[in-house]
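Contents: one structure, followed by commentary.
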Amino acid sequence: MNKSREKLKLILKSKSILLGNFTLASGKQSSYYIDARLTTLDPEGAHLISEILLGEIAAQGGVTAVGGPSTGADPMVGAIISRSYEQDMPLRGFIVRKKEKEHGTGNMIEGGLTEGDSVAIVEDVITTGGSVLRAIDLVESTGAEVRGVLCVVDRGENTEKAFLERGCSFFSIFRVSELL
């Protein structure tokens with residue numbers, strides 16, 4: 001796994017780390033931006049992320065579904081559920097919308113989430129954890145249990161504590177300090 005992690009680090013550094021002045025989703029200002037979608041939507045990047053995160057999910061045991069906030073989680077969920085099928089441990093996938101759908105079913109959660117599921121939440125980059133905490137609330141309102149939160153990059157703003165307080169384990173492939 002270490003070799004995969006090192007390959008992924010090179011892809012992130014070459015494609016996803018942008019320097020300048022940026023406003024983050026949290027509203028905070030930053031001198032760098034991590035556009036992880038440039039890596040999660042890269043064939044090799046998606047392959048490596050799904051390998052690493054599925055390994056962590058499998059180690060937790062008992063997880064039946066994986067999902068997260070749209071749009072950061074979307075490509076990751078697709079890659080993870082595809083790999084889970086290949087490895088004969090199929091997980092169902094779901095996506096948590098940012099706002100209620102105004103047509104059709106009006107669902108906030110799309111995909112294969114059911115009451116009683118044991119869930120892993122994934123996200124590309126976590127800063128304050130606000131979108132993930134919102135996703136946890138919505139997932140738990142369906143009767144599913146969130147077991148863990150996994151991300152590609154943790155910007156290191158002490159969000160792990162908030163997840164642990166909610167009873168969720170936390171795993172990040174990288175801390176931002178490893179990429180800058």
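The values are calculated or read from the model by the stated rules, or taken from the named source; none is laboratory data. Quantities reported herein were computed from a predicted structural model and do not represent experimental measurements. Note that we place each Cβ from the backbone using ideal geometry, even for glycine, and neighbour counts take in every protein chain shown. Note: areas computed on protein heavy atoms with side chains; ligands, DNA, RNA excluded. Shrake-Rupley method; radii C 1.70, N 1.55, O 1.52, S 1.80 Å.
A few remarks follow.
- Pairs beyond 28 Å (Cα-Cα), from Lys7/Lys98; Lys28/Lys98; Lys3/Lys99; Lys9/Lys161; Lys13/Lys99: Lys7/Lys98; Lys3/Lys99; Lys13/Lys99
- Loop-resident GluC sites (Glu not before Pro) (DSSP state other than H, G, I, E or B) in segment 49-101 with no more than 16 further Cβ atoms inside 10 Å of their Cβ: Glu100.
- Estimated from helical segments only, the mean residue ellipticity of the chain at 222 nm is -11000 deg cm²/dmol, where each DSSP H run of four or more residues counts as -39500 (n - 2.57).
- Take every Cα pair under 8 Å whose residues are at least 6 apart in sequence, average their separation, divide by the length of segment 26-180, and the relative contact order is 20 percent.
- For a label point 7 Å along the Cα-to-beta-carbon line of Arg166, residues of segment 70-100 with backbone N under 20 Å: 70-78, 92-100
- Residues in the chain average 48 Å² of solvent-accessible surface per residue, probe 1.4 Å, ligands and nucleic acids excluded.
- Net charge, Asp35 excluded, C-beta distance under 15 Å - Lys, Arg +1, Asp, Glu -1: 0
- Taking 0.36 nm per residue of sequence separation and removing the Cα-Cα distance, the Leu24/Glu44 pair yields an extension gain of 4.6 nm.
- Gyration tensor verdict on segment 1-102 (Cα atoms; rounded if a/c is under 1.5, prolate if a/b is larger than b/c, oblate otherwise): oblate
- Paramagnetic reach from Glu86 (point 7 Å along Cα→Cβ, amide N under 13 Å) across segment 29-64: 43-55
- Stokes-Einstein D for the chain, Kirkwood Rh over Cα pairs, 10 °C, 1.306 mPa s (µm²/s): 97 µm²/s
- Share of carbon and sulfur in the accessible heavy-atom surface of segment 1-144 [1.4 Å probe, %]: 51 percent
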